[in-house]
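The values are calculated or read from the model by the stated rules, or taken from the named source; none is laboratory data. Keep in mind that this is a model prediction, so the values were computed, not measured. Every residue, glycine among them, receives a Cβ derived from its backbone with ideal geometry; neighbour counts consider all protein chains shown. To get the accessible areas, we keep the full protein, side chains included, count just its heavy atoms, and leave off ligands, DNA and RNA. Shrake-Rupley method; radii C 1.70, N 1.55, O 1.52, S 1.80 Å.
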Amino acid sequence: MPIVGGLDIHRKQITFDYLDTVTGEVRRGQIAPADREHLRAWLARFAGHGDVAFAVEGCTGWRYVTRELAAAGIAAHLGEPADTAALRGRKRHAKTDKTDSAHLRRLLAEGRLPECWIPPEHILEYRALLETYHDLRREHTAWVQRIHAVFFHQGAPPLGEGVLRTEAGLARLRAAAAAHLSAAGQQQVATALDMLAATEARMGPLRHQLRQAAAHLMGAKVLAERLYGVGPVTGLALTCWLAGAGRFSSSRKAVRFTGLDITVHSSDRKGPPGRLSRQGPPVLRWAVYEAGKTHARAAAPDHGYYAAVKDRSNGKRAALSEARKIVRQACHILAEIGDDALTAA
């Protein structure tokens, strides 16, 4: 590569460090502000150069940077943040933007950059929709829990299951709030109900949009047909984060990527062993866990294993075990399909 470099992305500026391997000249500086327009203008200097490559760390902002690099005919390499930081070695001086961009440039030039997969544009769009849906689900659950907490905190009778799912249940909830809660408590419940209504108004159309996307994506469609408990949304999430030819050399690595593996003792970690690593995309971890819980049904094909783990430990452990199975099975299925999993069904 005649020109090889690294870009360290921040909200206010992008720090660059690149080497012209023909002349041996190294150039450093900043691109400010960090937006498409200024980055595109800076990349114009490489027009006419045949072989240019830049490494970018996989942090917030990498999406538009890699797209602009590709549009300028420059090879974009996305570095895995944790592995890239580990290759820095022991800290001997203050970490700065200049040292980060130089570190990325050296790793790329030496062929040691731990690279991440850069998905196609439509997969990135689906990921963004899935993350939005997951955020709405979490907000919805939080407001429901808040309503129950207010009733308990003020000593009101406990609310029944599913009281928020029907109009009759909501009417009973409002009557109970007026009878047993203080003025401030009633205002808390009213606010929570307004927020729940607003959240549900967004969740419905978004859920429909995700189902439509899953119906037209090969990988999501195949997974929903072949894996018990995997619906359109879960199949879409599995495809968006696990699909692609050669993504994982083993299904065990896919489980680790999902964050469902169990931590072990390590001298460079402060966290205790025996816990979920919780690394990787939270959306995917939530989706496969929900799919794992479906094996609690007696009709589920793996219900015997689920019941055995539940009796030995608890239902949560059983659902996590099934979730790992689903990830491994999905990894094998998507590997069979290859890059066709990302195409239209």
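Observations, loosely collected:
- Residue in region 64-81 that is hydroxyl-bearing (Ser, Thr, Tyr) and touching a helix residue (DSSP H, G or I) at 6+ places or on another chain (Cβ under 9 Å) present: yes
- Residue 26 being assigned to a strand (DSSP E or B), among the hydrophobic types (A, V, I, L, M, F, W, C), under 14 Å from residue 103 (Cα atoms) and out of contact with any helix residue (DSSP H, G or I) (no Cβ under 7 Å at 6 or more places or on another chain): yes
- Across region 37-72, the number of residues qualifying as of a type in the set (D, E, K, R) and in contact with a Pro (Cβ under 8 Å, 6 or more places away or on another chain) comes to 2.
- Positions within region 121-171 being surrounded by 13 or more Cβ atoms within 10 Å (Cβ to Cβ), free of Cβ contacts under 8 Å to residues at least 12 places away in the same chain and either more than 24 Å from residue 285 (Cβ to Cβ) or of a type in the set (Phe, Trp, Tyr) (or both), in sequence order: 148, 163, 169
- Residue count for region 304-336, restricted to those that are buried (at least 17 other Cβ atoms within 10 Å of the Cβ) and either within 25 Å of residue 207 (Cβ to Cβ) or free of Cβ contacts under 8 Å to residues at least 60 places away in the same chain (or both): 16
- Some residue of region 281-290 being closer than 30 Å to residue 210 by Cα, modelled with pLDDT under 95 and open to solvent by less than 40 Å² (accessible area, probe 1.4 Å): yes
- With a requirement of 1 or more residues that are among the acidic types (Asp, Glu) and modelled with pLDDT under 95, none of the helices (runs of 4 or more DSSP H) lying completely within region 203-279 satisfies it.
- Only one of 55, 41, 82 that is under 24 Å from the mean Cα position of the chain (by Cα), of a type outside the set (D, E, K, R) and loosely packed, with under 13 Cβ neighbours inside 10 Å: 82
- Taking each residue of region 236-251 that is at positive phi and looking for partners that are of a type outside the set (D, E, K, R) and surrounded by 24 or more Cβ atoms within 10 Å (Cβ to Cβ) with beta-carbon atoms closer than 9 Å, six or more apart or interchain, yields 244/334; 244/341.
- Residues that are of a type outside the set (Asp, Glu), open to solvent by less than 40 Å² (accessible area, probe 1.4 Å) and under 25 Å from residue 259 (Cα atoms) occur at least once in region 195-211.
- Test: residue in region 95-106 that is open to solvent by 40 Å² or more (accessible area, probe 1.4 Å), in contact (Cβ under 8 Å) with a residue 60 or more places away in the chain, under 24 Å from residue 2 (Cα atoms) and of a type in the set (A, V, I, L, M, F, W, C): no
- Of all residue pairs spaced 6 or more apart or on separate chains, those with beta-carbon atoms under 7 Å, a first member in region 198-216 that is closer than 10 Å to residue 133 by Cα and a second member that is of a type in the set (Val, Ile, Thr) and assigned to a helix (DSSP H, G or I) are 206/132; 210/233.
- Candidate set from region 2-20 (those that are surrounded by fewer than 16 Cβ atoms within 10 Å (Cβ to Cβ) and in contact (Cβ under 8 Å) with a residue 24 or more places away in the chain); member that is nearest to residue 101 (Cα to Cα): 10
- Meets criteria (open to solvent by 40 Å² or more (accessible area, probe 1.4 Å) and over 19 Å from the mean Cα position of the chain (by Cα)) for residue 71: yes
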